[in-house]
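This report concerns only the one structure given below.
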Amino acid sequence: MTEMTINKLPSKTWYWLHVNETKLPWDKEHTTELPEETVTAGSTEEVRFSITGEGRYSSKKIHIIAPAGKQVTVFMDYQTEEKLAVRTSLSVEEHARVRLVQLQHTAENSLVYNQIEGECAKNARIELVQIYLGKGDIYSDTTINLNGDASSFRSDIGYIGQHTHIIDMNEVVNHFGKHTESEINVGGALRDGAKKIFRGTIDFKTGSSDSVGNELENVLMLGDDVENKTVPVILCSEENVVGNHGATIGELDEDTMFYFASRGIDKEHAENIMARANIDRLKGIIKDDSFARMIDEELGEV
C-alpha cells in the first residue's frame, strides 16, 4: 500500500488547516488497469461512458481531443462498488470546445479519485459539470491551463454530502494567455457527519493581461456534525487582470423555515428541497433527458 499525494494547493496556507494537500492510500500493485479510451471531436459530437470498476482497485484513462473548430460533449457516470481512479485529459485546439459532464453514481462504501487535466489553445473553451450525490467518498482534482489568447473555462459543481462521506475537491485554473476567462461555481449541502473541502485557485500568470476569473461557492449546513472547509485562492503575477472570489456558508434561516412552514412543509422536507436545489440547477445546464433521469434516480435514493 502506497500513498498518493493529490489535491495540492499551488500556494500553501497554514498547515494546521490541513488543506494544502491530501494523502490518499492506494494499492498500486493490485490495481486493475482498465482499457484506455480516446474520444476525438469531429467524428462524433456526443459520447457516453459508464465506468464500472473491476476488483478492489481500478484505474482508467480517457483522452478527449478536440481538433481546431470542432466540439464534443462527453457524459461520464461512475458505478464502482470499490475504489476507482479515473484520469481524463482534455486537449482543445483553436476555436474548439469540449463539454464534460460527470456523475458520481457509486455504491455507499465506494471511493472515486477523479483527475482532470485540460489544455486550451486560442479561442478554445472547456465546460465542466460535476455532480456528486452523497454515496461513497469522492476526491476530485482538476487543473486547466488557458494557454491561448481568449481561451475560456467554466465549471459548475453540485454536491450532497451525507453520513460520514468525504468530498475533497481541488480546482486550479492557470491563465497564461491574454483575454482569458474562467468561472467556477460550486453549490452543495452537507448533512449528518459529512466532511467537505473545496480548494479553488485562479492563477494569473505573467503575460495573461486583460484576463478575468471568478469563483463562488454556496454551502448549506444541515447538521451539527458536518465539517466544511472552503479555500478560495487568487494568485497574480500580471497587471490589468480581474479576479473575484466569494463564499456563502450557513444554515436555513428562520425566514426560510417560516416560508416552508406556512405552506405545510416540515423541516426535513424543507432541507431536502434546498439540498436538491443546487442539483436541479445543474440539470438545467446539462439539458439532457437521459442524464437527468439518472440524476433523479440517484436523488431518490439519497
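The values are calculated or read from the model by the stated rules, or taken from the named source; none is laboratory data. Because the structure is a prediction, the values reported are computed rather than measured. Cβ coordinates were reconstructed from backbone atoms using ideal geometry, including for glycine residues, and neighbour counts include every protein chain displayed.
Residue count for region 141-179, restricted to those that are closer than 27 Å to Thr206 by Cα and either part of a strand (DSSP E or B) or modelled with pLDDT under 95 (or both): 18.
Considering Leu222, Leu252, which residue is over 30 Å from Asp203 (Cα atoms) and in contact with a helix residue (DSSP H, G or I) (Cβ under 6 Å, 6 or more places away or on another chain)? Checking each option against the conditions leaves just Leu222. Are any of the residues in region 61-75 modelled with pLDDT under 90 and buried (at least 17 other Cβ atoms within 10 Å of the Cβ)? Scanning region 61-75, I find no residue that is modelled with pLDDT under 90 and buried (at least 17 other Cβ atoms within 10 Å of the Cβ), so the answer is no. Across region 1-38, the qualifying residues are those that are hydroxyl-bearing (Ser, Thr, Tyr) and outside any strand (DSSP E or B), and the one among them that is nearest to the chain's Cα centre (by Cα) is Ser11. Quick one: would you say Val242 is under 17 Å from Leu133 (Cβ atoms), out of contact with any helix residue (DSSP H, G or I) (no Cβ under 9 Å at 6 or more places or on another chain) and β-branched (Val, Ile, Thr)? In short, no. For first residues located in region 273-289 and at pLDDT below 90, partners that are of a type in the set (S, T, N, Q) and part of a helix (DSSP H, G or I) and lie 6+ apart or on another chain with Cβ distances below 6 Å do not occur. Of the residues in region 88-103, at least one is modelled with pLDDT of 95 or more, in a strand (DSSP E or B) and of a type in the set (Lys, Arg).
Of the residues making up region 131-148, those that are among the polar types (S, T, N, Q) and within 13 Å of the chain's Cα centre (by Cα) number 3. Please determine, by comparing only the residues of region 39-55 that are under 21 Å from the mean Cα position of the chain (by Cα) and of a type outside the set (A, V, I, L, M, F, W, C), which one is modelled with the lowest pLDDT. Residue satisfying both the conditions and the ranking: Gly53. Take the conditions (1) surrounded by 14 or more Cβ atoms within 10 Å (Cβ to Cβ); (2) outside any strand (DSSP E or B); Val47 misses just one of them, which is (2). Which one of the conditions (1) in a strand (DSSP E or B); (2) out of contact with any strand residue (DSSP E or B) (no Cβ under 7 Å at 6 or more places or on another chain) does Val74 fail to meet, given that it meets all the rest? Result: Val74 passes all but (2). Answer with yes or no whether Asn109 is within 26 Å of Arg293 (Cβ to Cβ), part of a strand (DSSP E or B), in contact (Cβ under 8 Å) with a residue 12 or more places away in the chain and of a type outside the set (A, V, I, L, M, F, W, C). No; evaluated as a whole, the condition is false for this residue.
Here is a yes/no grid of residues against (1) touching a Lys or Arg at 6+ places or on another chain (Cβ under 7 Å); (2) closer than 20 Å to Asn147 by Cβ; (3) surrounded by fewer than 18 Cβ atoms within 10 Å (Cβ to Cβ):
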{"site": "Lys205", "(1), (2), (3)": "no, yes, no"}
{"site": "Ser209", "(1), (2), (3)": "yes, yes, yes"}
{"site": "Val219", "(1), (2), (3)": "no, no, no"}
{"site": "Gly223", "(1), (2), (3)": "yes, no, yes"}
{"site": "Val231", "(1), (2), (3)": "yes, no, no"}
{"site": "Ser237", "(1), (2), (3)": "yes, yes, yes"}
{"site": "Ala247", "(1), (2), (3)": "no, no, yes"}
{"site": "Thr256", "(1), (2), (3)": "no, no, yes"}
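None of Gly213, Gly161 is surrounded by 23 or more Cβ atoms within 10 Å (Cβ to Cβ), closer than 23 Å to Gly284 by Cβ, in contact (Cβ under 8 Å) with a residue 24 or more places away in the chain and over 13 Å from the mean Cα position of the chain (by Cα) except Gly161.
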